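As structure tokens, the structure follows; a few thoughts come after it.
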Amino acid sequence: MLRIETAQELMMVFLIGEIDHHSAKAMREEIDTVAERVRPGTLILDFSDVSFMDSSGIGLVMGRVRLMKSFGGEVKIQGAKGNIRKVMQIAGLHRVARMDDEQ
């Protein structure tokens with residue numbers, strides 16, 4: 001599940017619950033539909049309310065990085081904590097997207 005807010009050059013996506021192979025496809029489609037219409041300069045993915053994420057979540061982020069690069073934009077990750085943050089760091093997401101709340 002997710003919630004999307006847009007304002008000028010900014011698109012914020014609040015991801016909620018579990019991100020796995022069952023949920024990631026619908027999330028990707030919803031994010032991409034809005035992003036292609038709005039073409040934001042910055043896409044912020046907020047993981048504050050994500051309780052579980054497997055490799056599908058990494059794929060979700062990487063695909064949005066590619067999409068935003070095609071628009072000349074960037075992806076920022078915020079609110080990732082605990083094991084979700086560790087998975088992101090191990091996967092190297094901090095090299096392709098800025099991660100806020102650096103710890």
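Quick note: the coordinates plus some simple rules give every number you see, no bench work behind them. Quick caveat: nothing in here was measured; it's all calculated off a predicted structure. All Cβ positions, glycine included, derive from the backbone under ideal geometry; neighbour counts span all protein chains shown.
Which whole-angstrom value gives the distance between the alpha carbon centres of region 59-103 and region 1-33? Using only Cα atoms, the two centres lie 14 Å from each other. The dipole here belongs to the chain: it is taken about the Cα centre, uses +1 on the Cβ of Lys and Arg and -1 on the Cβ of Asp and Glu, and is about 320 debye. Pull up the DSSP beta bridges for region 2-99 and report the antiparallel fraction as a percent, rounded to 5. Given both bridge residues lie in region 2-99, the antiparallel proportion sits at roughly 25 percent.
With a cut-off of 8 Å between alpha carbons and a minimum separation of six or more residues, what is the relative contact order of region 2-99 in percent? After rounding, I find 29 percent.
Taking DSSP loops as anything outside H, G, I, E and B, show the longest stretch in the chain free of GluC sites (Glu not before Pro) there with at most 14 other beta carbons within 10 Å.
Values: sites that count: 9, 102.
In the chain, the maximal stretch lacking such sites is 10-101.
A quarter of the convex hull surface defined by the alpha-carbon atoms of region 2-99 gives 5.2 nm² as the mean projection. Note on the chain: helix-only mean residue ellipticity at 222 nm, from DSSP H runs of 4+ residues weighted -39500 (n - 2.57) and normalised by residue number, equals -13000 deg cm²/dmol.
When 60, 10 are sorted by how many other C-beta atoms sit within 10 angstrom of their C-beta, beginning with the fewest, the order is 10, 60.
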